[in-house]
Amino acid sequence: MKIRFKLNNKDIEYCGPPMARLIDFIRDTMGVTSCKIGCGEGECGACSVLIDGRLALACITPVGQVRNKSVLTVEGIRDTREFSILKRSFEEHGSVQCGFCIPGMILAAYSLLKSTPNPREEEIREAISGNLCRCTGYLSIIEAIKSAAREVEKL
Ligand code: FES
Ligand code: FES
């Protein structure tokens, strides 16, 4: 079956079973590897993508579900000012250890800052609540997002 959608702002024509996992198409066919496979069961957030701007889990999303939609990974937001600010803030706050969770964290934060320019700490915690990090204890990530939010608000 043919399914058209956008991946990182490029037109894609997927030919295959509509129930195939989006994560496998993104990584194996398209070679977009910021998206990770962790649990594979919708529990860890490592495979996070934005679908029409909303955070979604590519390991439990069938390709058929993104027909005519826009799918973004970190590669697709790299040129945005929000991404630059988040990246710098994560670096400055020492928020990256093994890095496995970070693309998903960045997408969760990016999506939050797009919809809520000056989020409260509870909103930040809620926004990243589906993204598990085994290394950092979350505090440095939350501080990085808080600090980035202050800068993004001035854009
Ligand atoms: S790999 Fe998708 S939520 Fe864990
Ligand atoms: S930095 Fe290692 S899982 Fe988050």
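Of the numbered conditions (1) within 16 Å of ligand 2 (Cβ to nearest atom); (2) of a type in the set (Gly, Ala, Ser); (3) in the same structural domain as Cys133 (by TED's automatic domain parsing), Ser34 satisfies every one except a single condition; which is it?
(3)
Just to check your reading of the model, which residue among Ile60, Ile23 is modelled with pLDDT of 95 or more and not in a helix (DSSP H, G or I)?
Criteria check complete, one pass: Ile60.
Would you point out the residue of the stretch 60-92, among those that are hydrophobic (A, V, I, L, M, F, W, C) and within 16 Å of ligand 2 (Cβ to nearest atom), that is surrounded by the most Cβ atoms within 10 Å (Cβ to Cβ)?
The initial filter retains those residues of the stretch 60-92 that are hydrophobic (A, V, I, L, M, F, W, C), namely 60, 63, 66, 71-72, 74, 77, 83, 85-86, 90.
Narrowing the set further to residues that are within 16 Å of ligand 2 (Cβ to nearest atom) leaves 74, 86, 90.
Numbers: Val74: 24, Leu86: 28, Phe90: 23.
Looking at residues that are hydrophobic (A, V, I, L, M, F, W, C) and within 16 Å of ligand 2 (Cβ to nearest atom), I get Leu86.
Under the condition of being of a type in the set (Gly, Ala, Ser) and within 16 Å of Val71 (Cβ to Cβ), which residue from the stretch 18-44 is farthest from ligand 1 (Cβ to nearest atom)?
Gly31
How many residues are over 17 Å from Gly53 (Cα atoms) and either basic (Lys, Arg) or within 16 Å of ligand 1 (Cβ to nearest atom) (or both) if we restrict to the stretch 116-130?
The number of residues fulfilling the criteria is 3.
Restricting attention to the stretch 125-155, which residues are under 20 Å from Gly42 (Cα atoms), assigned to a helix (DSSP H, G or I) and in contact with a helix residue (DSSP H, G or I) (Cβ under 7 Å, 6 or more places away or on another chain)?
Arg125, Ala127
If only one of Val63, Val71 is within 16 Å of Lys36 (Cβ to Cβ) and assigned by TED's automatic domain parsing to the domain that holds Cys44, which one is it?
Going through Val63, Val71 in turn, just one is within 16 Å of Lys36 (Cβ to Cβ) and assigned by TED's automatic domain parsing to the domain that holds Cys44: Val71.
What are the residues in the stretch 93-115 that are away from ligand 1 (no atom under 16 Å from the Cβ) and surrounded by 14 or more Cβ atoms within 10 Å (Cβ to Cβ), if any?
Correct list: His93, Ser95, Val96, Gln97, Ala109, Tyr110, Leu112, Leu113, Lys114.
For Ala46, only one of the following conditions fails: (1) surrounded by fewer than 24 Cβ atoms within 10 Å (Cβ to Cβ); (2) of a type in the set (A, V, I, L, M, F, W, C); (3) out of contact with any Pro (no Cβ under 6 Å at 6 or more places or on another chain). What is its number?
(1)
Kindly evaluate Leu112 against the criterion of being more than 27 Å from Lys2 (Cβ to Cβ), in a helix (DSSP H, G or I) and away from ligand 2 (no atom under 16 Å from the Cβ).
yes
Just to be sure, is Val66 touching a Leu at 6+ places or on another chain (Cβ under 7 Å), within 16 Å of ligand 1 (Cβ to nearest atom) and over 22 Å from Leu155 (Cβ atoms)?
The answer is yes for Val66.
Residues of the stretch 26-52 being assigned to a loop (DSSP other than H, G, I, E, B) and either within 14 Å of Phe5 (Cα to Cα) or among the polar types (S, T, N, Q) (or both), which ones?
Met30, Thr33, Ser34, Asp52
The values are calculated or read from the model by the stated rules, or taken from the named source; none is laboratory data. On a predicted model such as this, the values are computed, not experimentally measured, just so you know. Reconstructed Cβ throughout: ideal geometry from the backbone, glycine too, with neighbour counts over all protein chains shown.
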